[in-house]
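The structure appears below as structure tokens.
No value in this document is a laboratory result; all are computed from the given coordinates. These numbers were taken from a predicted model, which means no experiment stands behind them. Cβ placement follows ideal geometry from the backbone for every residue including glycine, while neighbour counts extend to all protein chains displayed.
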Amino acid sequence: MYDIIIIGAGPAGMTAALYAGRAGKKILVLEVQSYGGQIINAKMIENYPGIEKISGYDYATTLFKQITDLKVEIKYETVLKITTDKKVTTNKDTYQAKSIIIANGAQNRKLNIPKEKDFLGKGISYCATCDGSFYKGQEVAVLGGGNTALEDALYLTNIVNKVYVIHRRDTFRGEDKYLKELQAKDNVEFILNSTVIKIEGKDKLENIIIKDNNEEEKVLKVAGLFIAIGQVPNNEIFKNVVDIDEKGYIISLDNVHTKTKGIYVAGDTRVKELRQLTTAVSDGSTAAITAIKEMNQ
Ligand code: NAP
């Protein structure tokens, strides 16, 4: 019997594990892939209070070390089901806990156009820091107008010959600081009020077709398309124990409580105003401390 099972080893889940581990609780963290969540791919974090600059990788790895130093148990398994009596079934086993913290984050939003899936790793990518080096000296495009798209484009300018930044509006959601840095680069071309409607190629990506707001189409020859159009949650499997909103995010009653006693939620997976590293770790610590406080009530 675990005191707390934490689903997800991103910043929210690992912070929950850090707080619960330091409180001496028996914890299991379940993670599908690898620790770190989305932040591990961030080139540089510059808005975390008290830390001037740190790469996403260094941040996530330090946090991971903090929890493994506490001997927190981590299993790389996929959660398939949880129940109101706090049983967690994965693809490998079933575990019993007193409390559960859902901190499963969100996944990259897909563009949902033909061949997007087929060309994954063959021109289509959702992570510039992971795949950028494959496109050294070539021309690529980044789709999106948030911080991820701007950061991805900035990262790619140092590797590839040219970066097209394609965004569906003419103003950006991402921070002005990143936009200004990008505008100062001489190998960036902005294609605004436009989106990608089609991708072409025989065995790998060769062209993308862009359509602007006047319905005009144009062909762009690029070797890579980095899709950075936000995230979507994946909470269908928790529907029996939590309420989810129309976009799929978990509804929390007062930040971390769900409708089921002893099941908590933390981080990007819940309905919230601001999805940032600061708010994810805040949720993680609050969920852990709340779970501990209410465990024997
Ligand atoms: P985001 O802020 O939600 O931006 C997604 C972008 O994709 C928006 O510009 C949106 O356009 C566009 N978009 C959405 N659906 C689209 C579609 N179907 N077709 C074309 N374009 C589409 O996502 P994000 O950039 O991944 O950032 C997520 C969160 O992480 C944000 O809070 C962000 O600040 C944070 N973040 C922070 C850092 C940092 O601080 N260093 C780095 C990365 C991310 P519209 O603008 O028109 O809606």
**Prompt:** If we scan the range 10-17, do we find a residue that is in contact (Cβ under 8 Å) with a residue 40 or more places away in the chain, surrounded by fewer than 19 Cβ atoms within 10 Å (Cβ to Cβ) and either on the phi > 0 side of the Ramachandran plot or not hydrophobic (A, V, I, L, M, F, W, C) (or both)?
**Reply:** no
**Request:** Look at Tyr48 and say whether it is outside any helix (DSSP H, G or I), aromatic (Phe, Trp, Tyr) and under 24 Å from Ile292 (Cα atoms).
**Result:** no
**Fill in**
By residue number, the members of the range 92-147 that are of a type in the set (Val, Ile, Thr) and assigned to a loop (DSSP other than H, G, I, E, B) are Ile113
**Request:** Within the range 231-242, track down each residue that is within 30 Å of Gly145 (Cα to Cα) and surrounded by fewer than 16 Cβ atoms within 10 Å (Cβ to Cβ).
**Result:** Val232, Asn234, Glu236
**Message:** For the structure I just gave you, tell me whether Gln33 is exposed (fewer than 15 other Cβ atoms within 10 Å of the Cβ) and within 24 Å of Asn91 (Cβ to Cβ).
**Reply:** yes
**Prompt:** Can you find a residue in the range 256-278 that is assigned to a helix (DSSP H, G or I), within 16 Å of the ligand (Cβ to nearest atom) and either surrounded by fewer than 16 Cβ atoms within 10 Å (Cβ to Cβ) or not β-branched (Val, Ile, Thr) (or both)?
**Reply:** yes
**Request:** May I ask you to list the residues in the range 149-207 that are near the ligand (Cβ under 10 Å from one of its atoms), within 20 Å of Asn112 (Cβ to Cβ) and surrounded by 21 or more Cβ atoms within 10 Å (Cβ to Cβ)?
**Result:** Ala149, Asp152, Ile166, His167, Ser194, Val196
